[in-house]
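Before any comments, here is the structure.
The values are calculated or read from the model by the stated rules, or taken from the named source; none is laboratory data. Just so it is clear, the structure is predicted and the values come from calculations on it, not from any experiment. Positions of Cβ are backbone-derived with ideal geometry, glycine not excepted, and every protein chain shown enters the neighbour counts.
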Amino acid sequence: MSIKPLQTLNDFTPAQRFVKNLAGKGLAPLLLLEVSVTGGRTYQAYKRGGKTEAREVFVDNIVGAAFWLGGVKAFNKIIDKIGEKALNVASLDVDTAKDALRDPVKHFLKNNTNITEKQLGLFKCTKMAASILLANALMGFVVPRINQGITAKKVAEARPREPLMAKFIERTENRDAAMSGAGQALSFAGTADLMNLVNFFENSTRFQLLATDAGVTAGRVCNERNGPSRIEKLFRDVGSTYFYMFNVPLMYKGLNKLFDGRVSRLDPVAAQQTASQLEKMLAGGKLSAVEFEKSAAGALGQEEFLTNVYNLATGGKYADPNKFVAQQTLRGIDENIGHFVKDVVKKADGGDITAGVIKSVQKQNFVKNMAYLGAGFAVSMFVLSTVIPKMQYAITKKLTGRDKFPGIEDYSKDKNCR
């Protein structure tokens with residue numbers, strides 16, 4: 001039974017790759033959400049505040065998303081390049097976590113004798129803090145001020161500045177200047193294994209985004225022009241976190257549990273690999289359920305097959321000794337392969353198992369992946385692009401009595417709105 005030693009994602013259909021990426025923990029699901037959310041928020045802003053608010057919301061979402069999604073990763077790469085020259089190593093792309101199965105740092109140090117584990121850990125910690133602070137500073141303080149400045153300029157060009165508005169802007173600028181130094185230094189709780197914490201930060205997209213969120217939200221709120229604007233931003237950013245980060249994976253797990261009695265399943269790429277291996281095992285014939293399960297245990301336990309599955313499921317990390325793959329991750333893949341075999345036996349319903357039955361289960365697996373993930377994305381998109389904007393606008397209307405863009409409104413006579 002011949003198997004290509006190391007398969008790549010290009011060996012699978014675009015549809016299979018697309019759904020696999022949606023189910024992943026990288027940036028792809030968030031990028032898809034961001035496109036629809038930006039469109040929805042811009043439309044809602046246009047309905048209330050016209051082109052002025054729509055432009056500010058669009059720029060805030062597009063530029064903010066660029067720094068939010070890629071800021072920490074970009075700064076990590078830049079600082080890595082600086083560190084490689086300073087520490088005289090070819091590459092610092094190594095995971096720092098370890099368990100009984102893997103110890104990437106040990107492998108790395110064997111090939112880089114001019115650096116110690118302590119130096120590597122200190123560099124990684126420094127990089128972690130610097131990347132978060134730089135992303136927070138740009139997204140929470142620099143970008144909002146530039147965006148608001150453009151809005152103020154456009155409003156000023158569109159109409160003469162009245163004395164009352166001049167006083168309002170001056171007072172707002174003074175207050176903003178006083179608040180610009182506000183903020184709290186990031187602190188990290190003690191941990192028994194600092195290297196594991198650093199590894200988690202470097203490799204967890206959601207951890208990076210959450211670490212950025214706190215500072216960014218604080219910066220945006222501090223730099224807003226008045227009370228209603230600050231409340232809107234605070235409500236939007238805090239209320240959006242769950243639907244950006246957690247709703248899709250939790251709904252995916254929940255729907256899997258509700259309809260299939262388990263919280264996960266093989267992604268379409270791994271399902272294709274498993275189905276192909278099982279079909280090769282049958283060699284065009286058929287087996288009873290008992291014979292099939294016995295034979296499947298041997299076919300699916302082959303090292304070459306598992307290497308291919310593990311490698312693609314972990315984004316190529318399994319084949320890289322400098323990367324960490326937790327045993328729990330591999331056990332989860334093994335369990336889902338076992339569930340796939342049970343689904344095939346269940347599908348046969350007491351009859352013989354053929355290649356047709358296996359293909360049917362693979363197709364069913366693909367459809368359920370699409371349906372469960374699609375449901376989560378649909379809910380998140382609707383809430384983020386429509387429900388939250390409408391709620392924040394309703395809050396502003398209730399506070400001010402005006403259904404207008406608070407960023408350019410004069411609340412100088414209303415003490416509750418300053």
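Considering the range 13-64, and only residues there that are small (Gly, Ala, Ser) and outside any helix (DSSP H, G or I), the residue that is farthest from the chain's Cα centre (by Cα) turns out to be Ala23.
For every residue, the table says whether it meets (1) touching a residue at least 40 places away in the same chain (Cβ under 8 Å); (2) not polar (S, T, N, Q).
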position: Val105; (1), (2): yes, yes
position: Leu109; (1), (2): no, yes
position: Asn114; (1), (2): no, no
position: Gly121; (1), (2): yes, yes
position: Cys125; (1), (2): yes, yes
position: Ala135; (1), (2): yes, yes
position: Val143; (1), (2): yes, yes
position: Lys153; (1), (2): no, yes
position: Ala156; (1), (2): no, yes
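Of the candidates Asn76, Asn61, Asn88, the single residue that is buried (at least 17 other Cβ atoms within 10 Å of the Cβ), of a type in the set (S, T, N, Q) and under 17 Å from Lys127 (Cα atoms) is Asn76.
Cβ separations smaller than 9 Å between residues 6+ apart or across chains give the following pairs from the range 31-56 residues that are closer than 20 Å to Ile150 by Cβ to residues that are among the acidic types (Asp, Glu) and not in a helix (DSSP H, G or I): Arg48/Asp403. Among the residues making up the range 70-94, those that are assigned to a helix (DSSP H, G or I) and either among the β-branched types (Val, Ile, Thr) or under 13 Å from Val216 (Cβ atoms) (or both) are Gly71, Val72, Ile78, Ile79, Ile82.
Looking across the range 209-221 at every residue that is over 18 Å from the mean Cα position of the chain (by Cα) and either β-branched (Val, Ile, Thr) or buried (at least 20 other Cβ atoms within 10 Å of the Cβ) (or both), the one that is farthest from Pro406 (Cα to Cα) is identified as Gly219.
One residue alone among Asp349, Asp320 is at pLDDT below 95, among the acidic types (Asp, Glu) and under 25 Å from Phe18 (Cα atoms), and that residue is Asp320.
Screening Lys118 on (1) at pLDDT 85 or above; (2) touching a helix residue (DSSP H, G or I) at 6+ places or on another chain (Cβ under 8 Å) shows it passes everything except condition (2). Filtering the range 278-293 to residues that are acidic (Asp, Glu) and surrounded by 15 or more Cβ atoms within 10 Å (Cβ to Cβ) leaves Glu279, Glu293. Among the residues making up the range 288-317, those that are touching a residue at least 60 places away in the same chain (Cβ under 8 Å), more than 31 Å from the chain's Cα centre (by Cα) and in a loop (DSSP other than H, G, I, E, B) are Ser288, Gln302. Within the range 246-264, does at least one residue satisfy the condition of being under 23 Å from the mean Cα position of the chain (by Cα), assigned to a loop (DSSP other than H, G, I, E, B), among the β-branched types (Val, Ile, Thr) and farther than 17 Å from Asp343 by Cβ? No; the residues of the range 246-264 include none that is under 23 Å from the mean Cα position of the chain (by Cα), assigned to a loop (DSSP other than H, G, I, E, B), among the β-branched types (Val, Ile, Thr) and farther than 17 Å from Asp343 by Cβ. Would you point out the residue of the range 222-240, among those that are surrounded by 15 or more Cβ atoms within 10 Å (Cβ to Cβ) and under 17 Å from the mean Cα position of the chain (by Cα), that is farthest from Trp68 (Cα to Cα)? Here the answer is Gly239. Out of (1) in a helix (DSSP H, G or I); (2) hydrophobic (A, V, I, L, M, F, W, C); (3) under 22 Å from the mean Cα position of the chain (by Cα), the odd one out for Val142 is which? Of everything listed in (1) in a helix (DSSP H, G or I); (2) hydrophobic (A, V, I, L, M, F, W, C); (3) under 22 Å from the mean Cα position of the chain (by Cα), Val142 misses just condition (3). Residues that are of a type in the set (A, V, I, L, M) and within 18 Å of the chain's Cα centre (by Cα) within the range 368-410 comprise Leu373, Ala375, Ala378, Val379, Met381, Val383, Leu384, listed in sequence order. Cβ separations smaller than 7 Å between residues 6+ apart or across chains give no pair from the range 59-75 residues that are free of Cβ contacts under 8 Å to residues at least 40 places away in the same chain to residues that are small (Gly, Ala, Ser).
With respect to Phe67, determine if the residue is part of a helix (DSSP H, G or I), more than 25 Å from Ser131 (Cβ to Cβ) and modelled with pLDDT under 85. Judged against the criteria, Phe67 is not a match.
Can you pull out every residue in the range 344-395 that is outside any helix (DSSP H, G or I) and either closer than 18 Å to Val57 by Cβ or not hydrophobic (A, V, I, L, M, F, W, C) (or both)?
Going residue by residue through the range 344-395, those that are outside any helix (DSSP H, G or I) are 349-354.
Passing the criteria: Asp349, Gly350, Gly351, Asp352, Thr354.
Please specify each residue of the range 241-274 satisfying the condition of being surrounded by 18 or more Cβ atoms within 10 Å (Cβ to Cβ) and small (Gly, Ala, Ser). Passing the criteria: Ala270, Ala271. Taken over the range 318-328, residues that are without any contact (Cβ under 8 Å) to a residue 60 or more places away in the chain and crowded, with 16+ Cβ neighbours inside 10 Å amount to 2.
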